[in-house]
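> One structure, as structure tokens, below. Some questions next.
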Amino acid sequence: MPPHLLPHGVFDTAPVPVAIVMRTFEPGGTEHQMIELIRRLDPSRWRVHVACFRAEGGWFGRVAESAASVTEFPVRSFRRAATLDQYRAFARWCHERRIAIVQSTELPSNLFALPAAALARVPVRIGSRREITAGKTVAQLVLQRAAYACATKVVANSQAVASQLRRERVPARKIAVVPNGIDVGRFQPQPPKPALRTVIVVANLRPEKRHEVLIDAAPDILHRFPDARFEIVGDGPERTQLERHAATRGVSRAFEFVGHQGDVPRRLADADIFVLPSRSEGFPNAVLEAMAAGLPVVASDLEALREVIEDQRTGVLIPSGDPRALAAAVCDLMADVIRARQIGERASAAVRARFSFDRMVADFESLYLRELSRHRLIAATHPHLAAS
């Protein structure tokens, strides 16, 4: 009998021990989602232990004040023989804490935690997928697929990502979808404005975000609205090239590259229209935040964005990579302030109803309880299950 189980085969009524595994606590999209999960899980149901590769980063304090424990497993490279010692150490750690659920959060923690949790015979092992394939090599995806074989469930943050998992031959029975959440209280719609001229993009400056499509659309927008301005929030390897492209297109005067900013709610409040011209999205957190702030959004017509935006009602979807379509959509919103405001109002209401952190956490708690019940680790009459 695995050491996690009581003699009668189920967990007792004390909080169930859960381990959430992360690399570090540096600010980032995945880190934000998982740290909010750690902070908001009901302590009467779950005793949350956190494992990490390095106990460092600007958000470490948020975790330390919420988790039952934070333990470092210093994995530097999966090519080092010493990493095998960390696999064994993590398995012992799970055994000692009677961990019932291990949840990994992105590729490196999938590769580490899922096989080690299987070695420890942790009954519920939840992998994670939060993007399509962006930034991942074929070798990384192959290794991740092998790690998923050790999972009892793999959580995708959108139906688009779930579809990608199925294309990679992850069995459909293993896949669950829990969309991202946002702190909707941080994003408040602003009073109506007489004119809409400031276009904002909040995204890392990486190739898949296709900022150059907005730069190519800018001449048409500026021809019709010469006082239009474009604010690019975010940083990354494409910044220099994008700044040069704006100069080549003769629109540098209208663009401001402001880098990474910690005051995104204020930036959105000061803007008028949000644009995301990506060619690939797993789940568009930045779009949710813009919608919560009441901005009309123009975005690429991708599967993940169709899950969030109802075209022409809560946003505008355009063909990916089409600067003329992007320019036309932005100009239409600038020319019709009432329509733009109505789209923004409907978008804000939709996000507040569907994508709050409270909803995300409730979905994870329901998943945990279903998995424990499915593995007969809590009774169907368990009070926590009945309350879910």
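The values are calculated or read from the model by the stated rules, or taken from the named source; none is laboratory data. In this text, all values refer to a predicted model and were calculated from it rather than measured experimentally. Reconstructed Cβ throughout: ideal geometry from the backbone, glycine too, with neighbour counts over all protein chains shown.
> So, in the range 32-73, of the ones that are small (Gly, Ala, Ser) and touching a helix residue (DSSP H, G or I) at 6+ places or on another chain (Cβ under 9 Å), which residue ends up nearest to residue 109 (Cα to Cα)?
Initially, the range 32-73 is screened for residues small (Gly, Ala, Ser), giving 44, 51, 55, 57-58, 61, 64, 66-69.
From the residues that got through so far, the ones that are touching a helix residue (DSSP H, G or I) at 6+ places or on another chain (Cβ under 9 Å) too are 44, 51, 55, 57, 66-67.
Details: 44: 26, 51: 9, 55: 14, 57: 16, 66: 20, 67: 18 Å.
Going through the qualifying residues, I end up with 51.
> Evaluate the following for residue 129: is it within 24 Å of residue 375 (Cβ to Cβ), modelled with pLDDT under 95 and either crowded, with 21+ Cβ neighbours inside 10 Å or of a type in the set (Phe, Trp, Tyr) (or both)? Please lay out each step first, then the result.
Working: within 24 Å of residue 375 (Cβ to Cβ): yes; modelled with pLDDT under 95: yes; either crowded, with 21+ Cβ neighbours inside 10 Å or of a type in the set (Phe, Trp, Tyr) (or both): yes.
Criteria met by residue 129.
> How many of the residues making up the range 295-324 are in contact with a helix residue (DSSP H, G or I) (Cβ under 6 Å, 6 or more places away or on another chain) and of a type in the set (S, T, N, Q)?
Counting residues in the range 295-324 that are in contact with a helix residue (DSSP H, G or I) (Cβ under 6 Å, 6 or more places away or on another chain) and of a type in the set (S, T, N, Q) gives 1.
> Scan the range 232-273 for residues that are at negative phi and either under 23 Å from the mean Cα position of the chain (by Cα) or in contact (Cβ under 8 Å) with a residue 60 or more places away in the chain (or both) and report the count.
Our first condition is that a residue be at negative phi; within the range 232-273, this holds for 232-233, 235, 237-249, 251-258, 260-273.
Next cut, either under 23 Å from the mean Cα position of the chain (by Cα) or in contact (Cβ under 8 Å) with a residue 60 or more places away in the chain (or both) only: 232-233, 235, 237-239, 258, 260-273.
Within the range 232-273, residues that are at negative phi and either under 23 Å from the mean Cα position of the chain (by Cα) or in contact (Cβ under 8 Å) with a residue 60 or more places away in the chain (or both) number 21.
> Are any residues in the range 129-175 in contact with a Leu (Cβ under 6 Å, 6 or more places away or on another chain) and farther than 26 Å from residue 209 by Cα, and if so, which ones?
Across the range 129-175, the qualifying residues are 147, 150, 151, 175.
> If only one of 113, 149, 120 is in the same structural domain as residue 49 (by TED's automatic domain parsing), farther than 20 Å from residue 72 by Cα and aliphatic (A, V, I, L, M), which one is it? Don't jump to the end; show me each part of the working.
Numbers: 113 fails: farther than 20 Å from residue 72 by Cα; 120 fails: farther than 20 Å from residue 72 by Cα.
Every option except 149 fails the conditions.
> Determine if the range 314-337 includes at least one residue that is assigned to a helix (DSSP H, G or I) and touching a Phe, Trp or Tyr at 6+ places or on another chain (Cβ under 6 Å). Break it down stepwise before answering.
From the range 314-337, those assigned to a helix (DSSP H, G or I) are 323-335, 337; that's our starting set.
Within this subset, residues satisfying the condition of being touching a Phe, Trp or Tyr at 6+ places or on another chain (Cβ under 6 Å) are 334.
Yes, the conditions are met somewhere in the range 314-337.
> Would you confirm whether or not the range 151-172 contains a residue that is assigned to a helix (DSSP H, G or I), β-branched (Val, Ile, Thr) and either in contact with an Asp or Glu (Cβ under 9 Å, 6 or more places away or on another chain) or at pLDDT 95 or above (or both)?
Filtering the range 151-172 down to residues assigned to a helix (DSSP H, G or I) leaves 159-167, 172.
Still in the running and β-branched (Val, Ile, Thr): 161.
Checking which are either in contact with an Asp or Glu (Cβ under 9 Å, 6 or more places away or on another chain) or at pLDDT 95 or above (or both) leaves us with 161.
Within the range 151-172, one or more residues are assigned to a helix (DSSP H, G or I), β-branched (Val, Ile, Thr) and either in contact with an Asp or Glu (Cβ under 9 Å, 6 or more places away or on another chain) or at pLDDT 95 or above (or both).
> Of 337, 298, which residue is touching a Lys or Arg at 6+ places or on another chain (Cβ under 9 Å) and of a type outside the set (Gly, Ala, Ser)? It would help to see each step written out before you state the result.
On the way: 298 fails: touching a Lys or Arg at 6+ places or on another chain (Cβ under 9 Å).
When all the criteria are applied, what remains is 337.
> Going through the range 17-65 one residue at a time, which ones are out of contact with any strand residue (DSSP E or B) (no Cβ under 8 Å at 6 or more places or on another chain) and small (Gly, Ala, Ser)?
If the condition is that a residue be out of contact with any strand residue (DSSP E or B) (no Cβ under 8 Å at 6 or more places or on another chain) and small (Gly, Ala, Ser), then 28, 29, 44, 57, 58, 61 are the ones that fit.
> Kindly state which strands (runs of 3 or more DSSP E) lie completely within the range 40-133 and contain at least 2 residues that are of a type in the set (Lys, Arg). Don't jump to the end; show me each part of the working.
Working: elements: 46-52, 69-72, 101-104, 124-129.
Because the criterion is at least 2 residues that are of a type in the set (Lys, Arg), the strands (runs of 3 or more DSSP E) in the range 40-133 that meet it are 124-129.
> Can you tell me how many residues in the range 264-285 are farther than 22 Å from residue 178 by Cβ and either at pLDDT below 95 or assigned to a helix (DSSP H, G or I) (or both)?
Number of matching residues: 8.
> Let me confirm something: among 162, 195, 203, which residue is of a type in the set (Gly, Ala, Ser), surrounded by fewer than 21 Cβ atoms within 10 Å (Cβ to Cβ) and closer than 30 Å to residue 246 by Cβ?
Working: 162 fails: closer than 30 Å to residue 246 by Cβ; 203 fails: surrounded by fewer than 21 Cβ atoms within 10 Å (Cβ to Cβ).
Being of a type in the set (Gly, Ala, Ser), surrounded by fewer than 21 Cβ atoms within 10 Å (Cβ to Cβ) and closer than 30 Å to residue 246 by Cβ holds for just one of 162, 195, 203, which is 195.
> Right, something else. Working only within the range 173-189, note down all residues that are without any contact (Cβ under 8 Å) to a residue 60 or more places away in the chain and either part of a helix (DSSP H, G or I) or within 21 Å of residue 292 (Cβ to Cβ) (or both). Reasoning before the result, please.
As a first pass, look at the range 173-189 and keep what is without any contact (Cβ under 8 Å) to a residue 60 or more places away in the chain: 173-175, 177, 185.
Of everything in the range 173-189, those that are without any contact (Cβ under 8 Å) to a residue 60 or more places away in the chain and either part of a helix (DSSP H, G or I) or within 21 Å of residue 292 (Cβ to Cβ) (or both) turn out to be 173, 174, 177, 185.
> Now, a different point. Answer with yes or no whether residue 361 is in a helix (DSSP H, G or I), under 18 Å from the mean Cα position of the chain (by Cα) and at pLDDT 95 or above. If you could, list the steps in order and put the result at the bottom.
Details: in a helix (DSSP H, G or I): yes; under 18 Å from the mean Cα position of the chain (by Cα): yes; at pLDDT 95 or above: yes.
Yes, satisfied.
> Residue 195 passes all but one of (1) assigned to a strand (DSSP E or B); (2) in contact (Cβ under 8 Å) with a residue 60 or more places away in the chain; (3) out of contact with any Gly (no Cβ under 8 Å at 6 or more places or on another chain); which number fails?
Of (1) assigned to a strand (DSSP E or B); (2) in contact (Cβ under 8 Å) with a residue 60 or more places away in the chain; (3) out of contact with any Gly (no Cβ under 8 Å at 6 or more places or on another chain), only one is false for residue 195: (1).
> Could I ask something else about it? Examine the range 263-286 for a residue that is out of contact with any strand residue (DSSP E or B) (no Cβ under 8 Å at 6 or more places or on another chain) and among the acidic types (Asp, Glu), and state whether such a residue exists.
Start the filter on the range 263-286 by keeping residues that are out of contact with any strand residue (DSSP E or B) (no Cβ under 8 Å at 6 or more places or on another chain), which leaves 263, 265-266, 269, 280, 283.
Adding the requirement that they be among the acidic types (Asp, Glu) leaves 263.
Yes - at least one qualifying residue is present in the range 263-286.
> Identify the single condition in (1) of a type in the set (Ser, Thr, Tyr); (2) loosely packed, with under 14 Cβ neighbours inside 10 Å; (3) at pLDDT 95 or above that residue 44 does not satisfy, given that it satisfies every other one.
(3)
> Of everything in the range 216-237 that's modelled with pLDDT of 95 or more and acidic (Asp, Glu), which residue is farthest from residue 277 (Cα to Cα)?
Out of the qualifying residues, it is 227.
> Something else now. Given the conditions (1) surrounded by fewer than 22 Cβ atoms within 10 Å (Cβ to Cβ); (2) touching a strand residue (DSSP E or B) at 6+ places or on another chain (Cβ under 9 Å), and given that residue 303 satisfies all but one, which numbered condition is not satisfied?
Every condition holds for residue 303 apart from (2).
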